[in-house]
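The values are calculated or read from the model by the stated rules, or taken from the named source; none is laboratory data. It should be emphasised that the depicted structure is a prediction, and the values quoted were computed from it without experimental measurement. With ideal geometry, Cβ positions are generated from the backbone for all residues, glycine too; neighbour counts draw on all protein chains shown.
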């Protein structure tokens with residue numbers, strides 16, 4: 001994969017996906033990721049706080065309550 005192809009796949013900034021929505025998180029702090037071979041900045045990611053993780057776990061547990069009853073065929077068709 002060349003640099004142009006990588007840039008088309010890799011976004012420059014990533015948010016948290018919690019409860020079906022993209023969010024900047026409660027701390028609004030970002031973490032940068034760098035290419036180890038040349039030091040080039042690849043992207044920034046939201047630095048999730050403990051509160052963000054708690055919200056994500058709570059949402060996942062709630063979703064599981066209905067998802068666990070969905071049959072395998074229906075799941076595989078999604």
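If only residues of the range 1-33 that are over 15 Å from the mean Cα position of the chain (by Cα), surrounded by fewer than 11 Cβ atoms within 10 Å (Cβ to Cβ) and not in a loop (DSSP other than H, G, I, E, B) are counted, the one that is modelled with the lowest pLDDT is 8. Only residues that are in a strand (DSSP E or B) and surrounded by 13 or more Cβ atoms within 10 Å (Cβ to Cβ): list them for the range 34-50, please. Passing the criteria: 42, 43, 44, 45, 46.
Cβ-Cβ contacts under 6 Å between residues 6 or more apart (or on different chains), taken from a first residue in the range 56-77 that is without any contact (Cβ under 8 Å) to a residue 60 or more places away in the chain to a second residue that is surrounded by 10 or more Cβ atoms within 10 Å (Cβ to Cβ) and assigned to a loop (DSSP other than H, G, I, E, B), are listed as 59/19.
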